[in-house]
Amino acid sequence: MTNTLSGRSSDTALELSELTFAYVRNAPVLRELSLTIRREEVVALLGRNGEGKSTLLYLALGLLQPGTGHVRTLGHDPVRVAASVKQRVGYVSELPMFPAHATGRDIIALHRLLYPTWDVAFERELVERFGLGPSLDKANDASKGQRQQLALLCAVCHRPELLLLDEPAAGLDPAARREFLETAIRLLNREGTAILFSSHHMGDVERLGGRAALLHEGRIALDASLDDLRETHTLVSLPMAIANAEAWQSVHGVKRLRARDGEWRAIVAGVPAVVEARLYQHFGSDVLHCSAMSLEELFVEFTGRSDVFNREGQQV
């Protein structure tokens, strides 16, 4: 352990504790949110548009300050020691913004000056791997894919301890997206970099992530390894005529309940066979269907907004 700003201060790369943030008073985007990411860990941040994923990343970078709670990025408050923290963090947004008339070479040269740990050999490797050479003399006419790849290069060539990716591969073709993600994975394997990334591409999440955190209604609603999320949650369908909302209140392990097209759809903790046996005993009916869930199904069912009921059976 070390107490210096440039050294590793703990085994935790990012810690958000009881964090609340609002852009407008009395309208919080994040509500008492807690999330911890260890070094060398890859975490996918899931959530619908507008749930606050970008806001969470801005807080981790020290670009925003929480209303309550605290943020520790690489062991430090990123607002108070912003420069020291940012030199150890990489960040790529969905729409990277570069100076209007700067070429790729200008942007890389600037980053070399900003980061004392910049690795020129790694830079050359990525320029070749991405095929960026011909585009480095371009300014405004570089393609979106080229700009995204340049942004990733600038985010990783100083070999960050924490890499934050905000929908970084959105809009890229499948081949470019795979190349992009493989570079992030390679960095993790070589350097032990912690990665927090948001994405709507579940294939990308499964390829890159080891763990997923679902942001819903301002809080982390689910947080587990991808295997646990897939293997320990069951989707249950039951006709609404069989039971009302109150009948679900005493069902153990219900994570989410909503009404859709005349049937209850519930996410219940447990494997399908065990959940089915338990619900048969509870409702006294075999007119139900239990099935395993893919990560995409889990996301869709948990965040669905039509006729949603909470754990107490109240419509929300």
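Enumerate the strands (runs of 3 or more DSSP E) found wholly within region 192-283, keeping only those where 3 or more residues are under 30 Å from V156 (Cα atoms).
194-198, 211-216, 219-225
Please go through region 265-300 and give me each residue that is closer than 17 Å to P239 by Cβ and among the acidic types (D, E), ordered by number.
E276, D286 - these are the residues of region 265-300 that are closer than 17 Å to P239 by Cβ and among the acidic types (D, E).
To keep it simple, each residue is scored yes or no on (1) surrounded by 18 or more Cβ atoms within 10 Å (Cβ to Cβ); (2) not in a loop (DSSP other than H, G, I, E, B).
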| site | (1), (2) |
| --- | --- |
| R129 | no, yes |
| P160 | yes, no |
| L163 | yes, yes |
| A170 | no, no |
| R178 | no, yes |
| L181 | yes, yes |
| R186 | no, yes |
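Results for (1) modelled with pLDDT under 95; (2) acidic (D, E); (3) part of a loop (DSSP other than H, G, I, E, B), shown as yes or no for each residue.
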| residue | (1), (2), (3) |
| --- | --- |
| R8 | yes, no, yes |
| A13 | no, no, no |
| L16 | no, no, no |
| T20 | no, no, no |
| I37 | no, no, no |
| E40 | yes, yes, yes |
| R48 | yes, no, yes |
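The values are calculated or read from the model by the stated rules, or taken from the named source; none is laboratory data. All values derive from a computational prediction rather than experimental measurement. Cβ coordinates were reconstructed from backbone atoms using ideal geometry, including for glycine residues, and neighbour counts include every protein chain displayed.
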